[in-house]
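Enquirer: My questions will all concern the structure given below.
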Amino acid sequence: MAWRVVLYFLGRIAWVCGAALLIPFFTSVAYHDEATFSFGLSILCCILVGGSCWKVGYMEDGLMTVREGIAITGLAWCMTPFFGMLPYTLGEHLSFVDGLFESISGFTGFGASVISSPELLPESVLLWRSLTQWLGGLGIVVFFITLLPKAGQNVIHMYEAESVGPTEDRMLPRLKDMTEALVVIYIGLTAMAAALFAACGMHAFDAVNHALTTIGTGGFSTHSESIAYFDSVAIEMAVTFCILVAGVSFALYYRIYMRGWSALSENTEFKAYFAIFLAGTVMLWLNLWWDGIYGLWESLRYAAFQTAAISTTGFASADFDRWPTFSKCLLLFLMMVGGCAGSTAAGLKVTRAVLLLRMAAAQIRQRLHPRMVVSVRMNGAIVPPGVLLRVGLFFFVYLFFIVSASALIMFDGVPMFDAIGMSVSAVSTVGPAFGVVGPTETYAPLSPFVKMVLCFVTLLGRLEFFTILVMLRADFWQERKGW
């Protein structure tokens with residue numbers, strides 16, 4: 001392991017975190033709130049840590065291998081939440097464990113909160129809370145590559161360790177150009193969402209915060225009632241639209257810009273994504289109306305919003321924990337599926353869900369016709385067997401950690417269905433679940449043990465397991481191990 005290379009990049013990432021903290025720092029100065037000192041001290045910590053790492057480390061072409069890329073990405077995602085925690089703990093808003101939980105929940109897009117009354121926090125802390133979800137949504141490494149272009153082309157190993165999805169989906173041949181295009185699209189969508197929310201009646205501060213957490217598919221709100229606070233059909237429709245937009249692959253947006261709207265019709269995942277949304281909305285709508293929970297049109301209103309929100313962001317416009325069992329099980333399934341690969345949403349990903357179904361169908365056809373050569377196609381092309389193997393392996397690991405986390409949470413005394421919902425929500429980084437952590441509750445009453453379990457599986461889910469798991473192997477850190 002080339003430790004000095006790892007420290008070189010970690011130092012620069014620490015400086016990027018310090019630069020991000022300047023935004024809420026100046027907000028605190030503008031609002032004259034009490035958080036100015038805690039933000040200033042947090043920035044100083046980032047500068048000192050970054051400077052120490054930079055002084056020890058160095059970078060030369062060819063020194064970064066896949067191993068260093070994995071180490072930098074994994075350690076950066078472990079380091080950054082500690083910087084993000086500082087404004088909460090130094091400002092005495094949260095304890096160490098709760099501050100770390102809130103920070104990890106923010107950067108990973110988990111959206112689970114231990115803060116019962118966000119309205120009581122200073123505006124600058126609320127903005128930082130939303131900003132963590134926006135930064136983590138696109139990815140810490142993506143912003144790092146964009147802001148520090150002299151890092152070199154070797155950072156491709158870092159990008160690949162952070163990127164999500166079953167296949168590599170590069171828009172442009174040069175990594176620097178690609179990350180710049182991603183950031184431009186991301187900022188454009190965020191500005192669009194903020195303007196749309198403000199036009200629908202949100203206060204400017206609320207509009208900016210909800211735009212950050214919607215496009216970042218995180219789900220933090222400036223109000224304890226989440227989107228239900230506004231009680232506005234127009235706002236719910238605007239948020240639903242922006243959630244769906246954020247759940248689509250950003251690479252697809254670039255292709256639309258380059259090739260026109262025909263790129264949509266050629267994309268299997270996009271069509272499946274909206275088919276799942278429409279099917280989920282209709283089933284929830286009918287179940288809510290049939291059971292008499294709401295009227296006909298009110299059922300459609302809440303069904304459409306919650307179908308979109310639960311699969312990506314975790315916002316809530318109603319207390320879905322009181323809905324019928326069928327609706328809750330359907331929401332649990334939507335949590336698992338998540339959004340499209342290459343978006344800010346997490347979960348299993350629509351691409352993998354489609355491939356798993358097509359793999360099952362192909363296996364059935366193979367059994368019926370043993371001599372037939374059966375292939376699985378995606379976007380009109382045959383999917384290589386290696387990709388299919390990785391999809392199946394990912395699905396196994398995904399379910400394994402849901403079951404394992406559920407068992408650990410139940411060991412602490414949490415009811416079974418609540419523990420399963422909590423685990424699925426954490427691995428898929430959704431946020432609210434059911435029961436003790438339903439949409440009207442927070443994660444504050446949970447024990448420190450359960451919170452740390454959720455923090456670990458959330459980081460695993462955000463980095464799609466293998467980046468963190470490979471770092472747990474002893475031979476990964478051996479000096480002479482060949483990579």
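Every number in this text was worked out from the coordinates using simple rules, so none of it is lab data. Worth saying up front: this structure is predicted, and the values here are computed from it rather than measured. All Cβ positions, glycine included, derive from the backbone under ideal geometry; neighbour counts span all protein chains shown.
Enquirer: Per q in 0.09, 0.14, 0.21 1/Å, what log10 I(q)/I(0) does a Debye calculation on the alpha-carbon atoms of region 1-125 return?
Expert: Log10 of I(q)/I(0), two decimals: -0.29, -0.64, -1.15.
Enquirer: Can you sort Leu357, Leu334, Leu472 by how many other beta carbons sit within 10 Å, fewest first?
Expert: Least crowded to most crowded, the residues run Leu472, Leu357, Leu334.
Enquirer: Which of the listed residues, Ala76, Ser103, Thr89, is farthest toward the dipole's positive end in region 33-103, when Lys, Arg count +1 and Asp, Glu count -1 at the beta-carbon?
Expert: Ala76
Enquirer: So what is the relative contact order for the chain, in percent, with contacts set as C-alpha pairs under 8 Å and at least six apart?
Expert: Value for the chain: 17 percent.
Enquirer: To continue, here is another question. Remind me, what semi-axes does the chain give for its equivalent ellipsoid, largest first in whole Å, using sqrt of 5 times each Cα gyration tensor eigenvalue?
Expert: Over the Cα atoms of the chain, the ellipsoid semi-axes are 32, 30, 22 Å.
Enquirer: Would you kindly derive the ³J(HN,Hα) couplings of region 259-268 from the backbone phi angles with the Karplus curve 6.51 cos²θ - 1.76 cosθ + 1.60 (θ = phi - 60°), listing them in order in whole Hz, with x for Gly and Pro?
Expert: After applying 6.51 cos²θ - 1.76 cosθ + 1.60, I find 10, x, 6, 5, 5, 5, 5, 8, 9, 5 Hz.
Enquirer: What does the net charge come to around Val337 if you take all other residues with beta carbon closer than 11 Å to its beta carbon, with K and R at +1 and D and E at -1?
Expert: Once all neighbours under 11 Å are counted, the net charge is +2.
Enquirer: Whole-Hz ³J(HN,Hα) for each residue in region 322-338, computed from phi via Karplus 6.51 cos²θ - 1.76 cosθ + 1.60 with θ = phi - 60°, x for glycine and proline: what do you get?
Expert: 9, 6, x, 4, 4, 5, 5, 5, 5, 5, 4, 5, 5, 4, 5, 5, x
Enquirer: Here's something else I'd like to know. At a 10 Å Cβ-Cβ cut-off, how would you order Val142, Val457, fewest neighbours first?
Expert: Least to most surrounded, the residues fall as Val142, Val457.
Enquirer: Return the whole-Å distance between the Cα centroid of region 2-23 and the Cα centroid of region 338-362.
Expert: Going from one Cα centre to the other spans 33 Å.
Enquirer: Find which of Ala316, Val350, Leu10 sits farthest along the positive direction of the dipole of the chain, computed with +1 on the beta-carbon of Lys and Arg, -1 on that of Asp and Glu, about the Cα centre.
Expert: Value computed over the given set: Val350.
Enquirer: What list of ³J(HN,Hα) values in whole Hz, one per residue of region 418-435 in order, does the Karplus curve 6.51 cos²θ - 1.76 cosθ + 1.60 (θ = phi - 60°) give from phi, with Gly and Pro shown as x?
Expert: Values per residue, Gly and Pro as x: 5, 5, 5, x, 4, 5, 4, 4, 6, 5, 8, 6, 9, x, x, 10, 9, x Hz.
Enquirer: Then there is this: By its C-alpha gyration tensor, with a ≥ b ≥ c as the square roots of the eigenvalues, how is region 329-483 shaped: rounded for a/c under 1.5, else prolate for a/b larger than b/c, else oblate?
Expert: Verdict is oblate for region 329-483.
Enquirer: Would you calculate a helix-derived [θ] at 222 nm for the chain, using -39,500 (n - 2.57) for each DSSP H run of n ≥ 4 and dividing by the full residue count, to the nearest 500?
Expert: -21500 deg cm²/dmol
Enquirer: Which of Ser224, Leu446, Ser428 sits farthest toward the positive end of the charge dipole of the chain, with +1 on the Cβ of Lys and Arg and -1 on the Cβ of Asp and Glu?
Expert: Ser428
Enquirer: With just the Cα atoms defining each centre, how far is region 278-295 from region 372-388? Give it in Å.
Expert: Their Cα centres are 36 Å away from one another.
Enquirer: Given a Förster distance of 56 Å, report the FRET efficiency between Met192 and Phe411 from their Cβ-Cβ distance, rounded to the nearest 0.05.
Expert: Once the sixth-power term is evaluated, E becomes 0.80.
Enquirer: Still on this structure, please answer the following. When the C-alpha atoms of region 253-346 are aligned to their principal axes, what extent does each axis show, in angstrom, from largest down?
Expert: 47, 24, 18
Enquirer: Another one. Using amide H atoms built in the peptide plane, which far-off residues or other-chain residues are under 5 Å from Met378 H to H?
Expert: The list, which skips near neighbours in sequence, is Val383.
Enquirer: Something else: Counting other beta carbons within 10 Å of each Cβ, put Glu102, Glu266, Glu236, Glu92 in order, fewest first.
Expert: Glu92, Glu266, Glu236, Glu102
Enquirer: Can you give the FRET efficiency to the nearest 0.05 for Ser117 and Met372, using r as the Cβ-Cβ distance and R₀ = 56 Å?
Expert: FRET efficiency, Ser117 to Met372: 0.35.
Enquirer: Further question: Once Rh for region 421-483 is found with the Kirkwood sum over Cα pairs, what is the Stokes-Einstein diffusion coefficient at 10 °C and 1.306 mPa s, in µm²/s?
Expert: 119 µm²/s
Enquirer: Amide H of Gly438: which non-local residues (sequence gap of 5 or more, or other chain) have their own amide H closer than 5 Å, using H built in the peptide plane?
Expert: Sorted by chain and number, the residues that satisfy this are Ala433.
Enquirer: With a Förster radius of 25 Å, plug the Cβ-Cβ distance of Cys78 and Val282 into 1/(1 + (r/R0)^6) and report the FRET value to the nearest 0.05.
Expert: 0.05
Enquirer: Whose amide H sits under 5 Å from the amide H of Ala346, counting only residues 5 or more places off or on another chain, with H placed in the peptide plane?
Expert: Gly339
Enquirer: Further, regarding this structure: Rounding to the nearest 20 debye, state how big the charge dipole of region 1-108 is about its Cα centre with +1 on each Lys and Arg Cβ and -1 on each Asp and Glu Cβ.
Expert: Here region 1-108 has a charge dipole of around 380 debye.
Enquirer: Just the number, please: Stokes-Einstein D of region 3-47 in µm²/s, Kirkwood Rh from C-alpha pairs, 25 °C, 0.890 mPa s.
Expert: 221 µm²/s
Enquirer: With N set to the residue count of region 356-413, report its C-alpha Rg divided by 2.2 N^0.38 Å to two decimal places.
Expert: 1.60
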